[in-house]
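For reference, the structure is listed below as structure tokens.
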Amino acid sequence: MQIVTKATSGLWNEYIERYHYLGHKPLPGAQLRYFITAGEQIVALAGFGAAAWQTAPRDQFIGWTHDQRKANLHLIVNNARFLILPWIQSKNLASKVLSLITHRLPDDWHNKYNIRPVLLETFVQKDRFAGTCYKAANWQIVGETKGRGKLGANPKKGTVIVPIKDVWVYPLDQNFRTLLKST
């Protein structure tokens, strides 16, 4: 795993733009991006950024209040992009990469931002993916989004304006709930 630098940022952005179904958009807030290599060959890319401000399944899973979320949201990191390059065929590669990331990211994030995250989250679009690699890497599905998007409000109640996504989480600390609920 190699952290993306200023010198390699353009390559990471190009791969994501070309091969990830969501394309490239700058990640919000604090972020870390990785190239995953086998020898000299890039086989996968991953990007992490600021957690979603609120998502009911995650927030209910944690059991925190609005004030607790406001105080501690920075302890959650969002896996915003994950890509196995389309020409790479390797059984269990995706879950292996996710497992490696869960062990390395907390130290890398701490080294860069002086914050040790305690929970990872990601959103998996239900009509495109089953989340199999997350399940195989021991992430937990905690519910699904309502299809309202980042801004929340719908023009008509119940209207889905973005695809429904499964919400997956991975605790990085066994005391994550206590840490996230402290004020």
Index of the failed condition, GLY131 passing every other in (1) at negative phi; (2) in contact with a strand residue (DSSP E or B) (Cβ under 8 Å, 6 or more places away or on another chain); (3) small (Gly, Ala, Ser): (1)
Options GLY10, GLY39: the member that is modelled with pLDDT of 95 or more, loosely packed, with under 12 Cβ neighbours inside 10 Å and more than 15 Å from ALA80 (Cα to Cα): GLY10
Residue ID - nearest to the chain's Cα centre (by Cα), chosen from residues in segment 13-24 that are in a helix (DSSP H, G or I) and surrounded by 14 or more Cβ atoms within 10 Å (Cβ to Cβ): ILE16
Residue pairs meeting the criteria (Cβ under 9 Å; at least 6 apart or on separate chains; first more than 28 Å from ILE115 (Cα to Cα) and among the small types (Gly, Ala, Ser), in segment 77-100; second at pLDDT 95 or above and open to solvent by 70 Å² or more (accessible area, probe 1.4 Å)): SER90/LYS96
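For (1) over 23 Å from ARG128 (Cβ atoms); (2) touching a residue at least 40 places away in the same chain (Cβ under 8 Å), each residue gets a yes or a no:
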| position | (1), (2) |
| --- | --- |
| ILE3 | yes, yes |
| TRP12 | no, no |
| TYR19 | no, yes |
| LEU22 | no, yes |
| VAL43 | no, yes |
| ALA52 | no, yes |
| GLN60 | yes, yes |
Test: residue in segment 25-36 that is in contact (Cβ under 8 Å) with a residue 24 or more places away in the chain, open to solvent by less than 20 Å² (accessible area, probe 1.4 Å) and assigned to a helix (DSSP H, G or I): no
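Confirm whether PHE48 is under 19 Å from TRP168 (Cβ atoms), hydrophobic (A, V, I, L, M, F, W, C), in contact with a Leu (Cβ under 8 Å, 6 or more places away or on another chain) and assigned to a strand (DSSP E or B). Spell out the reasoning first.
On the way: under 19 Å from TRP168 (Cβ atoms): yes; hydrophobic (A, V, I, L, M, F, W, C): yes; in contact with a Leu (Cβ under 8 Å, 6 or more places away or on another chain): yes; assigned to a strand (DSSP E or B): yes.
When the stated conditions are applied, PHE48 passes them.
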When residues of segment 76-90 are limited to those that are over 15 Å from PHE35 (Cβ atoms) and of a type in the set (A, V, I, L, M, F, W, C), the one most open to solvent (accessible area, probe 1.4 Å): TRP87
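The values are calculated or read from the model by the stated rules, or taken from the named source; none is laboratory data. Since the structure is predicted, the reported quantities are computational estimates derived from the model, not experimental observations. Backbone-built Cβ (ideal geometry, glycine too); neighbour counts: all protein chains shown. Each accessible area value is taken on the protein alone, full model and side chains, heavy atoms only, with ligands, DNA and RNA left out. Shrake-Rupley method; radii C 1.70, N 1.55, O 1.52, S 1.80 Å.
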